[in-house]
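**Q** Quick one: the structure is below, and I'll ask about it shortly.
The values are calculated or read from the model by the stated rules, or taken from the named source; none is laboratory data. This one's a predicted model, so the numbers in the text were calculated from it and none came from an experiment. Cβ coordinates were reconstructed from backbone atoms using ideal geometry, including for glycine residues, and neighbour counts include every protein chain displayed.
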């Protein structure tokens, strides 16, 4: 597609439930990133994919968080047993790869845990 | 690790100029990016510097000094629509690390 697409755009879930967030990167982009942004705060890096591999998962906050990428395209971020502190916007970004390339962001998935 | 600092807030008048400074200490460097983020929206790319000097793009310019670990974003002829958060980000080998952002408010 023309840009990075994320779904759902908004999700309200009960504490303890699992959620899945989806990202469709720009076609042909080999690098894919997930970031988290809590209200009024900066972007926190979660995970980086190159192709279908994740060489850097260092930002995942706990073992409740996992992500996968298939077909060098779609990625899913899964949060198990959600907690209220997980409430944030989850931003996906993609890049053609290579150190000089711009990273483009999607509109984000706004997660509220009640 | 990465340490990226920028002011929290700035206010300026429509038509004026504002300069947002960013200082960084990072373990690797492959460029410095500036993004604009309106409330409730995704960050949008503004500029990229990898070599020292000034990059100009319309009303927006960005400067980099790698030896000083310093960059600034210059916004000229401010418009009301420029009210937003401006994010400074440093790239290491592959990922961006972000500062907390500077909220710019443009007053009439």
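**Q** Please tell me if residue B:57 is away from chain A (no Cβ under 14 Å) and surrounded by fewer than 18 Cβ atoms within 10 Å (Cβ to Cβ). First the steps, then the outcome.
**A** Values: away from chain A (no Cβ under 14 Å): no; surrounded by fewer than 18 Cβ atoms within 10 Å (Cβ to Cβ): yes.
Against the criterion (away from chain A (no Cβ under 14 Å) and surrounded by fewer than 18 Cβ atoms within 10 Å (Cβ to Cβ)), residue B:57 does not qualify.
**Q** So, residue A:81, is that one loosely packed, with under 14 Cβ neighbours inside 10 Å and within 20 Å of residue B:36 (Cβ to Cβ) or not? Break it down into steps so the answer makes sense when it comes.
**A** On the way: loosely packed, with under 14 Cβ neighbours inside 10 Å: yes; within 20 Å of residue B:36 (Cβ to Cβ): no.
When the stated conditions are applied, residue A:81 does not pass them.
**Q** Find the strands (runs of 3 or more DSSP E) located wholly in chain B whose residues include 1 or more that are within 14 Å of the chain's Cα centre (by Cα) and touching a residue at least 12 places away in the same chain (Cβ under 8 Å), and list them. Walk me through it before giving the result.
**A** Numbers: elements: B:2-5, B:9-13, B:18-26, B:32-37, B:44-49, B:53-57, B:60-65, B:70-75, B:84-91, B:96-98, B:102-107.
In chain B, B:2-5, B:9-13, B:18-26, B:32-37, B:44-49, B:60-65, B:70-75, B:84-91, B:96-98, B:102-107 are the strands (runs of 3 or more DSSP E) which contain 1 or more residues that are within 14 Å of the chain's Cα centre (by Cα) and touching a residue at least 12 places away in the same chain (Cβ under 8 Å).
**Q** Output the number of residues of the range A:35-78 satisfying the condition of being crowded, with 18+ Cβ neighbours inside 10 Å, in contact with a helix residue (DSSP H, G or I) (Cβ under 9 Å, 6 or more places away or on another chain) and without any contact (Cβ under 8 Å) to a residue 40 or more places away in the chain.
**A** 1
**Q** Taking into account only those residues within the range A:94-114 that are facing chain B (nearest Cβ under 8 Å) and surrounded by 18 or more Cβ atoms within 10 Å (Cβ to Cβ), which is modelled with the lowest pLDDT?
**A** Result: A:103.
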